[in-house]
Amino acid sequence: MKLMKKIIIVGSGVGGSGIGALIAKETPHQVHCFEQNNFIGGRCGSYEKKDEKGRIWKLDVGCHVFSTSDKGPIGEILERCGKKIKWSYLDQLFPTLNFMGLDFTFTLQDRKRKKKDFQGLLEEFPDLDPSKYDRITLMDFLDDYFGPDKKNLDKIGFSMAAGVIFGTDPYSTSAGEYLRSMIENVKHLSNGYPYGGTGVIPKAFCDTIKENRGKIFLDGNGRVKRIVVQDNKVAGIEAGPDNEFYEGEIVIANSDIKSTVFKLVGEKYFPKDYLQYISELKWGAQVCSLKIGIDKVLIKEKTLVYVPKMDPDKAKDAFTDIKQSMKDFLENLEIPEFTVLLIVPVSNHDPTLAPEGCQNIHTVTATAVGKIKEWTRDEDKKWEKTCLDTLISLNPEIEDHIILKDFISTSVLATRFGKEGVGTGTAQSTDQVGKLRPKMLSPIKGLYYCSSDVGGWGIGTELAARAALELFQMFKNNNFSNNKLFNNFKANF
């Protein structure tokens, strides 16, 4: 029997809890997972809130739809851990798009059509090799396919999809990464949402850890002050209210990569060129998320991307000069009157997430793309109003039926979950995907990263789950030897 190692995981998001579950289930090693919040899951976590009548609503930290559900990396980890959860599927390729009052749904039709339009490109996805397009921006790819200054409405549709799933604009999004994810969607057609809320996924992973000799530390007991490094190798962590030392030969950071390097470990332990590299990594979009409970079911779709109506002249400009309109959008950091919303009425997937006869609606929007903006508390309140006003513009009847409201601002995300308020992790741009994706190995022996910041590919939480699968395979291939993995890092960084 292999010698048991003590393995510490910092953070219980999908990447952290996922890698912890695989290690706990398939190896003799002992896993201790530390989570600073009073619930597990990070941005994929769920929590409860009561309305004025004392009824319980189940809310998610983020606003999620899972592009491959049980057919992708999350499903693989669950299956390997012997865990099953129930899924509600969208039964269509993309969420419904309400574009300035017009509804669009996207399905796959007869691929013999091969027309140069939105549908035609969707149907060609499986024939394309994504690796050829890693260094090509999505907009360059679309210009090449449709022609410059042609099919601008179709280009806007694909660009909006990139914004929703990656939090990146079409002039930086990697076409290869986009194609990989879309090909996977087309293959499985399993866009969905888990019964019980998003938190059931990391909970299943953490349950696996606890069932296999491991421990989960939450809230004050799970708050990690620092990762302890001695002689250029990990010794363990200090955590809890008394900064207790926990020994560990391996520390896997599910915390965001910049906070891990600059705060939990400290600059003095890393080479200068590595610090420079980490500091220059770009995030995806900053986001905020509004959740409301209403005492009447008013939205019929399971998932919806909503673009409010705009001034006709502005709309015309957007269609005729997409590049300039996109540039104006990216450079304008003022808080708009209305915004683009991803809307997931989670109780349409699972009615138990709201009291009987009520509807539980989650929304999310980007507050900055391509740059980091520190919003003030007053500005956070303005963003909350913008999200609510936008939702009401979709259906004015909503305003008279609100009985519960919760808002997770960019600053709250930054404070509680890191990544400076970013919805996912490091941007999936042309310079940060494929072989250029940040590595899961580090220059410190025994320190590894596992989150949507590193390795893998995919959309949101599925990116983190794939990173967990990749890192676990790396551990197995090297017999959990820090020496072998450290040498691998030196050879490839």
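The values are calculated or read from the model by the stated rules, or taken from the named source; none is laboratory data. Treat the numbers as computed from the prediction; the structure is a model and nothing was measured. All Cβ positions, glycine included, derive from the backbone under ideal geometry; neighbour counts span all protein chains shown.
Data for the structure
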quantity	calculated
Filter pass, T426 being within 12 Å of I257 (Cα to Cα) and in contact with a Phe, Trp or Tyr (Cβ under 8 Å, 6 or more places away or on another chain)	yes
Selected residue [of a type outside the set (G, A, S), assigned to a strand (DSSP E or B) and at pLDDT 95 or above] from V305, V364	V364
Criterion: among the β-branched types (V, I, T), closer than 18 Å to I19 by Cβ and touching a strand residue (DSSP E or B) at 6+ places or on another chain (Cβ under 9 Å) - qualifying residue of V454, V422, V412, V433	V454
Exclusive hit being over 18 Å from C63 (Cα atoms), out of contact with any His (no Cβ under 7 Å at 6 or more places or on another chain) and either polar (S, T, N, Q) or assigned to a helix (DSSP H, G or I) (or both), set E337, E374, E397	E397
Among residues of the range 1-58, those that are under 30 Å from I294 (Cβ atoms) and not hydrophobic (A, V, I, L, M, F, W, C), counted	18
Test result for E48, free of Cβ contacts under 8 Å to residues at least 40 places away in the same chain and either in contact with a helix residue (DSSP H, G or I) (Cβ under 6 Å, 6 or more places away or on another chain) or surrounded by fewer than 24 Cβ atoms within 10 Å (Cβ to Cβ) (or both)	yes
Tally, over the range 17-56, of residues that are of a type in the set (G, A, S), out of contact with any Gly (no Cβ under 8 Å at 6 or more places or on another chain) and closer than 22 Å to N221 by Cβ	2
Some residue of the range 173-193 being of a type outside the set (D, E), part of a strand (DSSP E or B) and more than 19 Å from L90 (Cβ to Cβ)	yes
Count of residues meeting criterion [under 14 Å from A204 (Cβ atoms) and under 19 Å from the mean Cα position of the chain (by Cα)] in the range 20-38	1
Hits in the range 26-56 (condition: of a type outside the set (F, W, Y), closer than 22 Å to G423 by Cα and part of a loop (DSSP other than H, G, I, E, B))	E35, Q36, N37, N38, I40, G41, G45
